[in-house]
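Scroll down for the structure; my scribbles are underneath it.
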Amino acid sequence: MGESITGLKRSHMCCHVNETMIGQEVTVMGWVQRRRDLGQLIFIALRDRTGLVQIAIDGNTAPKEIFEKAETVRSEYTLAVRGIVTARTEGNINPNMKTGKIEIIASELRILSESETTPFQIEDNITVKDDLRLKYRYLDLRRPCQLKNIVLRHQVVQALRAFLNNEGFLEIETPILGKSTPEGARDYLVPSRVHPGNFYGLPQSPQLYKQLLMVSGMDRYYQIAKCFRDEDLRADRQPEFTQVDMELSFIDVDDIIDINERLMQKVFKDIMNVDVQLPLQRMTYKEAMERFGSDKPDVRFGMELVNISDVVAGTDFVVFKSALEAGGSVRAINAKGCGSFPRKKIDSLVEFVKTYRAKGLAWIVVNEDGSLKSQIAKFFTPEKLQEIVDKMEGKPGDLILICADQDKVVFDSLGALRLELSKMLELTRPDDFRFLWITEFPMLEWDEEENRFVAVHHPFTAPMDEDLELLDTNPGAVRAKAYDIVLNGVEMGGGSMRINDPALQDRMFHALGFTEEKARESFGFLMDAYKFGAPPHGGMAYGLDRMVMLMLKLDGLTVKLTYEKGLLMEAATRGDGDTGENITHNVMGISGIPDKISYKERLVVTGEAFIRPSDFEALKDTLRDGNGEPYKNGRNLAAGSVRLLDCGACKD
């Protein structure tokens, strides 16, 4: 049984004890990192959030009771120690410890609690499976590298708050349980106990709330907001995430960009000691796609896309000819110095772009003697091949990679290929922070499945003034007053100016295919608010975890920075097969989950919510799909589909 802490008060954190305190009595508390027994001398490395300090217990001078107790101490025991700070002898100074010049000679030692042998070492640079770390996430978070992540995230939030407070923003919380509205992704739904058959929608963002706050006259709002989106996972996306959200009144695009540039400059200087030069580079969406094949380009390296459609127009090579006749394009990148790639490696690049729906990849190698080698050489004259190389500014040793298809396929394929090559060639450094604004996004895009235009951002984004006339005649050509801030090829945040004119908002709903009844059903509260004088307003939102990910120089958010997901895993039951796996990954947003998790109760999964079987039986007759039809197995319910997990496929 552990000893009581009564009568002892911690005087210092472990790493706050230093050589200026030599001769003083201190009391420290923490976990045992390691214990060294040298016979009559025992050393204990005690760890808390700040780091390590060495405790020394000398059997020749220490009370017998303390020495015997120290002999029983093992790793991860929690201790309280009182003692005198003493300088280490010259030969015992440890330059790798912040407290390496001192140690504490223990005069009192209490074992507050014991520990079993941990399933992995509590230290950095361990080799252990993710599922084991996540099962014991509370132990994983004891490791210094994980603690560093938590501390950095805390510091970033404090820096963000300090800057925005100084700029006159009000921090205002908005509801978590609210009305489900059609936005960019699917909602997570929460069934109401007191209103059977009705659901709350968890917020995908505080978008509508913050616009109403602007109508309320709050002028400048921000919030560190929890958001929930039921969408496919990526390395830098999770279904539950934290958003740095803001909205401002009586401003334009340049005002928002100015504030956010200064915000990034302040945060990166205070936290990372990185000087961000202002103003940041700006690039239109069209230019970004033409040059980099991406609306979030990594501009730390070149290898830009070049349109060679004019050069190859009129050729008989069927791949290029058919792409151009179908309204597509032929574009290429020049992989400098990659002409020495073996054929097998080039073939792997061809297979890579096929995952982006490209049918293949043509290539031209510029040999060291200036001669050309290509698998499409027989379809072109030597002069035409050389013309392509000249257009690409090819030099001896270069590898030119060509893709022909519809523009979207070409952009996706070559945009991803240049990133893949940059990793292979190690063209970038994680500590090279290159910011970029992408502006003038398309307002609308055509959805083949729904056979209508959908908003690229959301229905409240304001169109460019000069494109207003196109909204009714050519909606696909309308550009938006929208902007993203990109860092090293990652979209870190984005926003837009909002529509504040009710008549223009009605035109936007019409362009999106909303009937007047549907628009009022979904957004009537906002439309009514606009009748009472809505100021010009716009906003911005950052993915906080993405921001921290980039500061930590990580490749992806395979695991959240805290362990709530590990606790949620016990509630998110799963069964065998793909269905169970997808459900768990949608809820968890992490990798390395074991194939089965024991649970007590079968659940019904709607794609948005987990419902107890008893609730489902009571509600199923009142549930309606997106067309208002009664629920039938396999039919859409709201934004997701209802599936019943088979209890027999799972553990009891």
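The values are calculated or read from the model by the stated rules, or taken from the named source; none is laboratory data. These figures come from a predicted structure and were not determined experimentally. Cβ placement follows ideal geometry from the backbone for every residue including glycine, while neighbour counts extend to all protein chains displayed. Calculation scope for accessible area: heavy atoms of the full protein, side chains included, ligands and nucleic acids excluded. Shrake-Rupley method; radii C 1.70, N 1.55, O 1.52, S 1.80 Å.
The table below gives the values:
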read-out: Pair list, Cβ under 6 Å, 6 or more apart: region 66-83 residue closer than 13 Å to GLU114 by Cα, other residue of a type in the set (D, E, K, R) and open to solvent by 20 Å² or more (accessible area, probe 1.4 Å); value: VAL73/ARG35; TYR77/GLU114; ALA80/ARG110
read-out: Out of LYS373, LYS384, sole residue that is touching a strand residue (DSSP E or B) at 6+ places or on another chain (Cβ under 6 Å) and open to solvent by 40 Å² or more (accessible area, probe 1.4 Å); value: LYS373
read-out: Neighbours by Cβ (under 6 Å, 6+ apart or cross-chain): first from region 146-174, over 30 Å from ASN125 (Cα atoms); second open to solvent by 80 Å² or more (accessible area, probe 1.4 Å); value: PHE163/LYS266
read-out: The listed residue being farther than 30 Å from HIS537 by Cα, in contact (Cβ under 8 Å) with a residue 40 or more places away in the chain and not hydrophobic (A, V, I, L, M, F, W, C), out of ARG142, ARG193; value: ARG142
read-out: Of all residues in region 37-64 being open to solvent by less than 40 Å² (accessible area, probe 1.4 Å) and charged (D, E, K, R), the one that is nearest to VAL151 (Cα to Cα); value: ASP48
read-out: Given (1) touching a strand residue (DSSP E or B) at 6+ places or on another chain (Cβ under 8 Å); (2) open to solvent by 50 Å² or more (accessible area, probe 1.4 Å), index of the condition ARG262 fails; value: (1)
read-out: Residue selected from region 515-525 under the condition of a type outside the set (Gly, Ala, Ser) and more than 32 Å from the chain's Cα centre (by Cα), by the criterion most open to solvent (accessible area, probe 1.4 Å); value: GLU516
read-out: THR99 among the hydroxyl-bearing types (Ser, Thr, Tyr), crowded, with 20+ Cβ neighbours inside 10 Å, modelled with pLDDT of 95 or more and farther than 26 Å from THR117 by Cβ; value: yes
read-out: For PHE67: the one exception among (1) surrounded by 14 or more Cβ atoms within 10 Å (Cβ to Cβ); (2) touching a helix residue (DSSP H, G or I) at 6+ places or on another chain (Cβ under 7 Å); value: (2)
read-out: Among residues of region 450-462, those that are polar (S, T, N, Q) and open to solvent by 30 Å² or more (accessible area, probe 1.4 Å), counted; value: 1
read-out: Matching residues, region 175-191, being in a loop (DSSP other than H, G, I, E, B) and either more than 22 Å from the chain's Cα centre (by Cα) or over 27 Å from MET214 (Cβ atoms) (or both); value: PRO175, LEU177, LYS179, SER180, THR181, PRO182
read-out: Qualifying residue in region 535-552 (condition: open to solvent by 10 Å² or more (accessible area, probe 1.4 Å), of a type in the set (Lys, Arg), part of a helix (DSSP H, G or I) and within 30 Å of ASP275 (Cα to Cα)); value: yes
read-out: Residues being more than 20 Å from ALA377 (Cβ to Cβ) and in contact with a strand residue (DSSP E or B) (Cβ under 9 Å, 6 or more places away or on another chain) - total across region 325-352; value: 5
read-out: Enumerated helices (runs of 4 or more DSSP H) restricted to region 30-148, each holding at least 1 residues that are in contact with a strand residue (DSSP E or B) (Cβ under 9 Å, 6 or more places away or on another chain); value: 64-72
read-out: Whichever residue in region 303-333 is of a type in the set (D, E, K, R) and loosely packed, with under 15 Cβ neighbours inside 10 Å and, among such residues, is nearest to SER422 (Cα to Cα); value: ASP310
read-out: Total residues in region 305-345, condition outside any helix (DSSP H, G or I), touching a residue at least 40 places away in the same chain (Cβ under 8 Å) and not basic (Lys, Arg); value: 20
read-out: Residue satisfying all of: in region 159-189; among the aliphatic types (A, V, I, L, M) and open to solvent by 80 Å² or more (accessible area, probe 1.4 Å); modelled with the lowest pLDDT among these; value: LEU177
read-out: Evaluation of LYS336 against (1) farther than 17 Å from LEU401 by Cα; (2) open to solvent by 50 Å² or more (accessible area, probe 1.4 Å); (3) in contact with a Leu (Cβ under 9 Å, 6 or more places away or on another chain) (one fails), failing number; value: (1)
read-out: Residue in region 277-299 that is open to solvent by less than 10 Å² (accessible area, probe 1.4 Å), closer than 17 Å to VAL548 by Cα and part of a helix (DSSP H, G or I) present; value: no
read-out: Residues of region 119-131 satisfying the condition of being among the polar types (S, T, N, Q) and loosely packed, with under 13 Cβ neighbours inside 10 Å; value: ASN125, THR127
read-out: Answer from ASP431, ASP465, ASP472, ASP447 - the residue that is under 20 Å from the mean Cα position of the chain (by Cα), farther than 19 Å from MET246 by Cα, charged (D, E, K, R) and open to solvent by 30 Å² or more (accessible area, probe 1.4 Å); value: ASP431
read-out: Subset tally (residues that are outside any loop (DSSP other than H, G, I, E, B), in contact with a strand residue (DSSP E or B) (Cβ under 6 Å, 6 or more places away or on another chain) and either of a type in the set (A, V, I, L, M, F, W, C) or surrounded by fewer than 19 Cβ atoms within 10 Å (Cβ to Cβ) (or both)) for region 192-217; value: 3
